[in-house]
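Undergrad: Here you go, one structure.
The values are calculated or read from the model by the stated rules, or taken from the named source; none is laboratory data. Computed from a predicted structure; not experimentally measured. Virtual Cβ from ideal backbone geometry, glycine too; neighbours counted across all protein chains shown. The accessibility values were calculated without ligands, DNA or RNA, using every heavy atom of the protein model including side chains. Shrake-Rupley method; radii C 1.70, N 1.55, O 1.52, S 1.80 Å.
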Amino acid sequence: QVQLVESGGGLVQPGGSLRLSCEASSNIFSMYTMGWYRQAPGAQRELVASITSGGGRNYADSVKGRFTISRDNAKQTMYLQMNSLKPEDTAVYYCNKVSRNSWNWGQGTQVTVSS
């Protein structure tokens, strides 16, 4: 099993920015389409952005134009640059491969957007 560690969350005011990181424990990370997911209180986990092994990107409509996903396969790390943050972006953010058979979920990183 690949271990995933998310970091970079925090408290930010509306309109602010954060950069999340996801570090994988194995270089098989580079073989898979990876995604950033988020789960707000009382809501289901949702996929907000994904990136293929070759760098193709997709975004949920709610974050399109504000979030940018990227990856560095050599570092076994994926990133999520979040700009123009809104209160509705508040959630715990997780990373995982985009697959029916996900790896074990990490602890996630809390993002809170509030004034």
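Undergrad: Please work out the C-alpha center-to-center distance from the range 23-63 to the range 94-111 and express it in whole Å.
TA: Result: 8 Å between the Cα centres.
Undergrad: Sticking with this structure for a sec: Name the residue from T109, S53, Q76 whose Cα lies farthest towards the positive end of the charge dipole of the chain, charges +1 on Cβ of Lys and Arg and -1 on Cβ of Asp and Glu.
TA: S53
Undergrad: Could you put Y59, Y32 in order of accessible surface area, largest first, with the 1.4 Å probe and the full protein assembly present?
TA: Numbers: Y59 55, Y32 75 Å².
I get Y32, Y59, largest accessible area first.
Undergrad: Measuring with a 1.4 Å probe in the full set of protein chains, what accessible area per residue, in whole Å², belongs to the chain?
TA: Numbers: 6060 Å² over 115 residues.
Result: 53 Å² per residue.
Undergrad: Also: Rounded to the nearest percent, how much of the accessible area of the chain (1.4 Å probe, protein heavy atoms only) is carbon and sulfur?
TA: In the chain, the share of accessible area belonging to carbon and sulfur is 43 percent.
Undergrad: Just for the Cα atoms in the chain, what are the lengths along the principal axes, largest first, rounded to whole Å?
TA: 40, 26, 22
Undergrad: How about the range 39-115: which trypsin sites (Lys or Arg not before Pro) there lie in a loop by DSSP and see at most 10 other Cβ atoms within 10 Å? Walk me through the intermediate numbers first.
TA: Details: sites: R45, R57, K64, R66, R71, K75, K97, R100; in loops: R45, K64, R66, R100.
Qualifying residues, ordered by number: R100.
Undergrad: Here's a follow-up. Just reorder M82, M31 by solvent-accessible area, largest first, 1.4 Å probe, all chains present. Working shown, then result.
TA: Working: M82 0, M31 130 Å².
Ranking M82, M31 by accessible area, largest first, yields M31, M82.
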